[in-house]
Structure formats: structure tokens, C-alpha cells
Amino acid sequence: MFKRIMKGGQKKPSKTDPSDPSSFGPPVTAAAPEVVVPPPTGTIEPLPLFRDVPVSERQTLFIRKLQICCHVLDFSDTLKSIREKEIKRQTLMELVDFIQSGSGKITETCQEEMIKMVAVNIFRCLPPASHENTGQEPTDPEEEEPCLDPAWPHLQLVYELLLRYIVSSDTDTKVAKRYIDHSFVLKLLDLFDSEDPREREYLKTILHRVYGKFMVHRPFIRKAINNIFFRFIYETERHSGIGELLEILGSIINGFALPMKEEHKLFLSRALLPLHKPKPVAVYHQQLSYCIAQFVEKDFKLADAVIRGLLKYWPVTNCQKEVLFLGELEEVLEATQAAEFQRCMVPLFRQVARCLNSSHFQVRVDLFFITFADASLFSTLPLGIRVMNVQFVQLFRCL
């Protein structure tokens, strides 16, 4: 009799939180646990393959395999838990193949447990940057060696499973959006600061697919990326995934409808153009330049604001950065019409004059090619030919 009472007393805490006063109320019956996660100290044992069980049992087997994959193993020691790591890797591969094959539409319960498993594995505290570990001064991001996550053999398969689930034609967005919600998307965006380029590449693909499939998340994703840019520009100037986020935005901007919404124009002026200011702009300048050019090609009336924005953040002493700006200016001018050019002509030519006096040879050469490339644009202006002649005289004096 005493043993029965003790057994009954041991079962109650598993249903409710012992620290919650409500746990002393009536017992809860037939309540499924919120998160299906096996005990961390439990052993991982292999399960049968999907093809070895009847079709009616595959959904149950799917959940059991997800439970195995909820074990987060320590990869800091390569000799630790070798057997468990291999079992989990094989199980993840089976789950990816099961989703990719489309052999059966998974139930909503399976989808919920799968997203929970994904969250357990990928949502983690990222290791500090290399300079934070050593206490040394931050180095140039272009010169830093990429930091590779030792757990990538498992992380890659988890990301692949999530990607296959999102792109699958069997995935119902009405059901999936209950689990891939704003909180999930925000945590995905936090992972873009990972120093592992392989992880950022997967994140870029997954977020792009989420943006395309879940229309309800689009404004939220744009606003969240905007906030990341603000923090990078005005606070930290340290973030590993600015380039990848800009690649996603390049595709998003390309799909903007005309006439362009005011919120998109504000995003250009308040987030994209100020991205020219941080010191590590060279790391992501190619993607940034593409986004800026997309705006001008979409709406030529934005050329004046874009050119003035470039002039506002034009580098004063960094010649290598100045070369990048000249290349971007050339792309913008190619999409600029004469009427818009005349609005920004005076400040632009003032900057041209300063560039002509630059001590850096490449700056003067690039300016020479820009002037030739856009000679037809300059010649449409009043006194355009005379202005160009003055420029060339000054240019050849400097060479």
C-alpha cells in the first residue's frame, strides 16, 4: 500500500510544475506534454527504418525519430558520444529523405514536434567573436578567418529538414504558420550573426523561402531586418550577416510593385543609404550596391535622393572605400535620367572636383571611366560639354 502511494506521488510532478501552487489541485488527466524532449541523460538507440514499418505506423515512428534528434550532443570533444552522434546523424538523414520523398503528408502533430526539434537544435547562444575570446582589438572583418561550428554535421541536416519542409508542396501554410510564427522568424534572424558562413547561407535560403511562402510574415520580416541594420549602423558596427540579409533584400526589392510605397522609400533613405557609413562597408558593399541600383531601376525619380545619399556618406580619407563608391555611382548614373541628374548636378560636380585632386591613382582612373561611360548623360545638360572639358583638363593635369 505504501509503495502505491509513493508511485502516485512521483507521477504528479511530471504533469505540472511542482513550484506552481496549482499543482496541489486535482490531478490532470490525459494531458500531452507541451514539448516532447527525451531526458538529456537518456541513451540514444537506433530505430527501424521507415520502409520497414507499415504505413499506418510511420507517423508514430516519425515522432519517435524526432525525439531522438532532440538530444543536443557535445561536439567540443570529438571522442565523446561517437555512437550517439552517428545514430542522430543517420536519423536526421532519414527524416530529410522522408520529407523530401513526399511519401506521406505528415500530420499537424508531427509538424509541431518537428519545428520544436528544429528549435531545440538551431536556436542557441552563438559563441563570442574571435576578438572577444582573446580580448584583443577587433580586426578588419575582411581579414578574419571564418569560425566553423564543430556541430555543423548535425546542424546542416536540421537546416536541410527545415528547408525541405518549407518548400514542400504538401506543407499547408495555414497550418505551418502556427509554428513558424513571428517568434520563430525573429530567432532565425538572430542566427544571421553566426560566424559560420555555411550556416548563414542556409539561413539566407530558408528566410527567403519563408518570405515567399508566408505572405503574412512579409511586413514583419522587413521591419525586423530594418531593426538589425539600425543596431549595426548606430550601435555595434559588428554583424556577420549583413551581406546575406542584403542579398535577400535584393530579391525582395526586385518584386516591389509600382508606384512604390512610402515605407519602401523610407527604408531606402533610413536604412540602406546609411549602411555606407560603417567602417566594414567593403564586406557587404557589392550586395548593398545591387539593392541601391534596384531602387533606381524601379523608380528613376529616386536617383536624386540616392546620389545625394552617396555624397553624404562619401569617404574623406579612405581611398579604397572611395573606389567602391565610384563604382556604385557609375551604376546609379546608368539608370539616371537627365531631369533627375540636373537636380543633384552641383553637389555631384563638387565631389568630382575633389576626386580629381585625390592622391590615389585608382580614384582618378575610375572617375575618368565614369565620365566617359556617362558622357551622353552629361552632354544633355546645359553647358554640359564645357563642364566636361574643364574636368578633363584638370584630370590630365593630375595624371
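The values are calculated or read from the model by the stated rules, or taken from the named source; none is laboratory data. Small disclaimer: the values here were computed from a predicted structure and weren't measured. Cβ coordinates were reconstructed from backbone atoms using ideal geometry, including for glycine residues, and neighbour counts include every protein chain displayed.
Could you identify the single residue in Lys298, Lys223, Lys187 that is farther than 27 Å from Cys147 by Cβ, surrounded by fewer than 20 Cβ atoms within 10 Å (Cβ to Cβ) and at pLDDT 95 or above?
Details: Lys298 fails: at pLDDT 95 or above; Lys187 fails: farther than 27 Å from Cys147 by Cβ.
Of Lys298, Lys223, Lys187, the one residue that is farther than 27 Å from Cys147 by Cβ, surrounded by fewer than 20 Cβ atoms within 10 Å (Cβ to Cβ) and at pLDDT 95 or above is Lys223.
Within the range 315-326, the residues that satisfy the criterion of being at pLDDT 90 or above and closer than 20 Å to Gln294 by Cα are Leu324, Phe325. Checking every residue in the range 160-171 against the condition of being exposed (fewer than 14 other Cβ atoms within 10 Å of the Cβ) and farther than 29 Å from Thr78 by Cα gives at least one match.
In this structure, does Glu235 turn out to be of a type in the set (Asp, Glu), part of a helix (DSSP H, G or I) and closer than 17 Å to Leu268 by Cα? In short, no.
Taking Ser240 as the residue in question, decide whether it is hydroxyl-bearing (Ser, Thr, Tyr) and assigned by TED's automatic domain parsing to the domain that holds Glu94. So Ser240 fails the test.
Is it true that Ser251 is surrounded by fewer than 21 Cβ atoms within 10 Å (Cβ to Cβ) and assigned by TED's automatic domain parsing to the domain that holds Thr205?
On the way: surrounded by fewer than 21 Cβ atoms within 10 Å (Cβ to Cβ): yes; assigned by TED's automatic domain parsing to the domain that holds Thr205: yes.
Against the criterion (surrounded by fewer than 21 Cβ atoms within 10 Å (Cβ to Cβ) and assigned by TED's automatic domain parsing to the domain that holds Thr205), Ser251 qualifies.
For the condition in contact (Cβ under 8 Å) with a residue 40 or more places away in the chain and either on the phi > 0 side of the Ramachandran plot or in the same structural domain as Ser101 (by TED's automatic domain parsing) (or both), Val210 does not qualify. Applying the criterion of being in contact (Cβ under 8 Å) with a residue 12 or more places away in the chain and in a loop (DSSP other than H, G, I, E, B) to the residues of the range 254-278, the residue that is surrounded by the fewest Cβ atoms within 10 Å (Cβ to Cβ) is Leu258.
Of all residues in the range 61-78, those being in contact with a helix residue (DSSP H, G or I) (Cβ under 9 Å, 6 or more places away or on another chain) and assigned to a helix (DSSP H, G or I) number 8.
Can you pull out every residue in the range 317-355 that is without any contact (Cβ under 8 Å) to a residue 12 or more places away in the chain and either under 14 Å from Ile307 (Cβ atoms) or among the acidic types (Asp, Glu) (or both)? First the steps, then the outcome.
Taking the range 317-355 first, the residues without any contact (Cβ under 8 Å) to a residue 12 or more places away in the chain are 317-318, 339, 346, 350, 354.
Once the filter is applied, which keeps residues that are without any contact (Cβ under 8 Å) to a residue 12 or more places away in the chain and either under 14 Å from Ile307 (Cβ atoms) or among the acidic types (Asp, Glu) (or both), the range 317-355 yields Ala339, Val346, Arg350.
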